[in-house]
1. Roughly speaking, to the nearest percent, how much of the chain's 1.4 Å accessible area is carbon and sulfur?
2. Would you indicate which of [x] 12.1; [y] 13.7; [z] 12.7 is the value of Kirkwood radius over Cα pairs in Å derived from the coordinates of this structure?
3. If you count only protein heavy atoms with a 1.4 Å probe, what accessible area per residue comes out for the stretch 2-71, rounded to a whole Å²?
4. So for Glu60, Glu48, what's the accessible-area order with a 1.4 Å probe, most first?
5. For Tyr59, Tyr69, give the ranking by accessible area with the largest first, probe 1.4 Å.
6. What is the sum of charges, Lys and Arg at +1 and Asp and Glu at -1, for the other residues whose Cβ falls under 12 Å from the Cβ of Gly39?
7. Is there a quick way to get the dipole size of the stretch 1-72? I mean about its Cα centre, with the Cβ of Lys and Arg at +1 and of Asp and Glu at -1; what is the value in debye to the nearest 20?
Amino acid sequence: KVTFSVENQGAMMHGLAVTKAPAKVTGGMLDESTFLAKGGNLAAGASETVSADLQPGDYELVCHLAGHYAAGQKLPFKVE
């Protein structure tokens, strides 16, 4: 089990999701059916934890709000 503590330090709304890498994108939008875990929509200054049971492999942390993934809001990571 992997748990991420997330705090939105930006001025606009953001949200964290975990997906296998590479993330599945259709028409510039993330395929939410592939999310292994998804947090809420976080307003500026809000925080939460997001947990997922992950097997060894390659994953991405992504911002699940429209357009944010395409703008580069993603981070690859590996579970060993």
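The values are calculated or read from the model by the stated rules, or taken from the named source; none is laboratory data. Please read all numbers here as calculations on a predicted model, not as lab measurements. Using ideal geometry, Cβ is built from the backbone for each residue, glycine included, and neighbour counts are taken over all protein chains shown. All accessible areas refer to the heavy atoms of the entire protein, side chains included, with ligands and DNA or RNA removed. Shrake-Rupley method; radii C 1.70, N 1.55, O 1.52, S 1.80 Å.
1. Result for the chain: 52 percent of the exposed heavy-atom area is carbon or sulfur.
2. So the calculated entry is the one marked [z].
3. 54
4. From most accessible down to least: Glu48, Glu60.
5. From most exposed to least exposed: Tyr69, Tyr59.
6. The answer is -1.
7. That gives a dipole near 60 debye.
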